[in-house]
Amino acid sequence: MYSDGDLDAAVAAGALSPEAAERFRAHVARQRVTPAADEEQFRLLTGFNDIFVSIAASMVLVAIAEFAWHGSPIEAAAGVALASWGMAEFFTRRRRMALPSILLLFGFTAGIAGLALAVIIGGPIFELGGSGLVLARESWRPVAAAAVTTLAVYAHWRRFMVPITVAAGVGALLVTVDLILFLFVPVVPPHRVLVLLGDGLVVFALAMWWDASDPERRTRRADVGFWLHLMAAPMLVHPAFALLGLLGHGDVDPSRAAAAIGIYVVLGLVALAIDRRALLVSALAYVLAAMSTLVKAAGSPSLSFALTALVIGSALLLLSAFWHSVRRVLIAYLPPALRTKLPAV
């Protein structure tokens, strides 16, 4: 039995052409298709060895950081970044192991970010001024550090092609752009929530672009879209709920409660249309927090979380059980031009 990892390894070794590998995947998909087939697949584990290697790699990175920290933070950050890249050369590029690849990407990104902060900024980013926290170094230095991290993540993508790397790179790029806006455009800082909402819309649009390039979800591009959707959801939901005043500790009126429910319903319809449950799961923590606040305001503080979890959990279970049936009805109402760009029912 051949796994996707085996096929990727065969392509990397030159034993199969990318076209032949895709034709093989398409043939197997046609043989296995069922009415309840789940199109939203992504690779996190290729076997228990992924967990084994991830634990061992984590221990090595922690040990390197601990030893190097006695020299300087710069040495610790550089050591973690170099070790993560070196291990990725074997476990990602050659073995195509999913979970270790994600872990090593995080290790490399964290190492590069720490190295850039230590070298470019050279000290604390903020200090206490007369009006609160202010930048402790020249304004361009945090921007430069974020830009270096973005370029490093891009280099990692070009070398290893780990699907989650695109989401990490987009995140680093958005941090760079947001820092430029916050530091050099005076009218922007008071509107941080709107900036985050704009970032979420950008990430969602990018995720849809990746999905549209592979509507049958047979290639790595579908995995890239999955991670982007997982990243976009909280960036959209958090500012929406913040604008409604549902993330604080004040009183919640019925109109805002209805708006919160409406937001999640709309998000559910979008998730159904594009066949991405990741949108609902990624936003779940915010919905639970907001709904729990609503239940407390209704007079049941001791059972607020239990009641919220029961209602939302039951609704999600029902939606999962009838996902394809409900999606078939929804897709029928969409314009034909849009349906052709979405995964088939």
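Report yes if S314 is closer than 29 Å to E216 by Cβ and modelled with pLDDT of 85 or more, otherwise no.
For S314, the condition - closer than 29 Å to E216 by Cβ and modelled with pLDDT of 85 or more - is not met.
How many residues does region 81-105 contain that are under 10 Å from D50 (Cβ atoms), assigned to a helix (DSSP H, G or I) and not small (G, A, S)?
The total comes to 5.
Could you figure out which of (1) under 23 Å from L45 (Cα atoms); (2) among the basic types (K, R); (3) modelled with pLDDT under 85 isn't true of R256?
It is condition (1) that R256 fails.
Need pairs with beta-carbon distance below 6 Å; first residue within 19 Å of M97 (Cβ to Cβ) and within region 1-30, second at pLDDT below 70 and surrounded by 14 or more Cβ atoms within 10 Å (Cβ to Cβ); sequence gap 6+ or separate chains.
Close Cβ pairs (under 6 Å, with a partner that is at pLDDT below 70 and surrounded by 14 or more Cβ atoms within 10 Å (Cβ to Cβ)) amount to A21/L7.
For the list (1) modelled with pLDDT under 95; (2) under 19 Å from W85 (Cβ atoms); (3) in a helix (DSSP H, G or I), I need the number of the one condition that D178 fails.
All conditions are met except number (2).
Kindly indicate whether any position in region 104-118 is surrounded by 21 or more Cβ atoms within 10 Å (Cβ to Cβ), touching a Leu at 6+ places or on another chain (Cβ under 6 Å) and modelled with pLDDT of 90 or more.
Yes, that holds for at least one residue.
If you take the residues of region 67-81 that are surrounded by fewer than 17 Cβ atoms within 10 Å (Cβ to Cβ) and either more than 28 Å from the chain's Cα centre (by Cα) or not assigned by TED's automatic domain parsing to the domain that holds S101 (or both), which of them is farthest from L117 (Cα to Cα)?
Per the stated criteria, the residue is F67.
Please tell me if D199 is free of Cβ contacts under 8 Å to residues at least 12 places away in the same chain and either closer than 27 Å to R93 by Cβ or part of a helix (DSSP H, G or I) (or both).
So D199 fails the test.
Determine if region 133-154 includes at least one residue that is surrounded by fewer than 19 Cβ atoms within 10 Å (Cβ to Cβ), at pLDDT 95 or above and either under 28 Å from A10 (Cα atoms) or out of contact with any strand residue (DSSP E or B) (no Cβ under 6 Å at 6 or more places or on another chain) (or both).
Scanning region 133-154, I find at least one residue that is surrounded by fewer than 19 Cβ atoms within 10 Å (Cβ to Cβ), at pLDDT 95 or above and either under 28 Å from A10 (Cα atoms) or out of contact with any strand residue (DSSP E or B) (no Cβ under 6 Å at 6 or more places or on another chain) (or both), so the answer is yes.
Identify the residue in region 1-45 that is assigned to a helix (DSSP H, G or I), at pLDDT 65 or above and charged (D, E, K, R) and, among all such residues, is farthest from M208 (Cα to Cα).
Result: D6.
The values are calculated or read from the model by the stated rules, or taken from the named source; none is laboratory data. All figures in this text were calculated on a predicted structure; none of them were measured in a lab. Here Cβ is always computed from backbone atoms with ideal geometry, including for glycine, and neighbour counts include all displayed protein chains.
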